[in-house]
Structure formats: structure tokens, C-alpha cells
1. So how many residues does the range 1-29 have that are modelled with pLDDT under 90 and exposed (fewer than 10 other Cβ atoms within 10 Å of the Cβ)?
2. When only residues in the range 40-66 that are of a type in the set (Val, Ile, Thr) and part of a strand (DSSP E or B) count, which is farthest from Met9 (Cα to Cα)?
3. For Lys37, all conditions in the list (1) surrounded by fewer than 13 Cβ atoms within 10 Å (Cβ to Cβ); (2) in a loop (DSSP other than H, G, I, E, B); (3) on the phi < 0 side of the Ramachandran plot hold save one; what is the number of the exception?
4. Select from the range 18-70 the residues that are without any contact (Cβ under 8 Å) to a residue 40 or more places away in the chain, β-branched (Val, Ile, Thr) and either closer than 26 Å to Lys3 by Cβ or in contact with a His (Cβ under 7 Å, 6 or more places away or on another chain) (or both) and list them in ascending order.
5. Based on this model, can you work out whether Lys45 counts as surrounded by 10 or more Cβ atoms within 10 Å (Cβ to Cβ), modelled with pLDDT under 85 and of a type in the set (D, E, K, R)?
6. For the subset of the range 1-38 comprising residues that are of a type in the set (Lys, Arg) and out of contact with any Phe, Trp or Tyr (no Cβ under 7 Å at 6 or more places or on another chain), which member is nearest to Ile69 (Cα to Cα)?
Amino acid sequence: MGKTVTVSMSMELLEAIFEGARRLYPRETILLLRGRKHKETILVKELVVPPLATYGAGFANIPLHMLPIDFSITGTVHSHPSGNWSLQKWISTTSLGAYS
């Protein structure tokens with residue numbers, strides 16, 4: 001098995017991700033994560049709304065040819081809406097419940 005990488009972000013940023021997905025419901029959403037990698041930890045500091053992204057029922061799309069070259073983008077967030085929006089319940093049932 002390969003190395004373990006830890007992804008870290010503030011609770012405020014996590015709540016913003018959920019709020020954005022909640023506002024687009026029932027459409028899917030996609031966002032870019034901006035941050036930096038230090039050793040085996042990726043620290044996410046900001047969300048970036050991709051230019052000209054399309055949000056729909058069952059899909060979200062980014063026109064890759066329209067993205068600027070930005071090496072600070074460390075990942076993406078993509079939703080699959082189910083109708084269950086309890087952030088606290090989600091945190092308590094995942095490993096995130098172990099962190100503050």
C-alpha cells in the first residue's frame with residue numbers, strides 16, 4: 001500500500017462547501033481547492049469557483065481549456081446530491097469526527 005496523504009481544511013471552509021452544494025441542490029456542484037502541499041499534508045486554504053462551470057441534474061462540468069495555469073490548485077470538490085444535508089451527522093459518522 002502507498003503512502004498516506006492527509007488533507008486538511010478549516011471547518012469554516014468545509015461548511016462553505018456544504019452550503020454551496022445545498023444552494024445548488026438538486027444540481028451537482030464542482031469547485032477547485034487551492035492550497036499547498038507540505039510533506040505528506042495538503043493544506044486547503046481557499047475554494048475557487050471554476051470559470052464557465054456547468055451545474056446540472058446528474059452532472060457538473062468544467063471546461064478544462066478555460067482554466068488558467070495555477071499550480072496552487074490541489075484538488076476538486078464534486079457533489080452527488082442525495083437530499084441529506086446534516087453536516088454534523090456526516091462528520092460524526094466519518095473520520096472527521098476525530099478532528100476539531
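The values are calculated or read from the model by the stated rules, or taken from the named source; none is laboratory data. This structure is a prediction, so every number in the text was calculated from the model and none was measured. Glycine also receives a Cβ, built like all others from the backbone with ideal geometry; neighbour counts cover every protein chain displayed.
1. Of the residues in the range 1-29, 4 are modelled with pLDDT under 90 and exposed (fewer than 10 other Cβ atoms within 10 Å of the Cβ).
2. Step one: list which residues in the range 40-66 are of a type in the set (Val, Ile, Thr), which gives 41-42, 44, 48-49, 54, 62.
When the remaining residues are screened for being part of a strand (DSSP E or B), the result is 41-42, 44, 48, 54.
Numbers: Thr41: 11, Ile42: 9, Val44: 5, Val48: 14, Thr54: 25 Å.
Checked the range 40-66; the qualifying residue farthest from Met9 (Cα to Cα) is Thr54.
3. Exception for Lys37: condition (2).
4. Thr41, Ile42, Val44
5. No: the conditions fail for Lys45.
6. This residue is Arg34.
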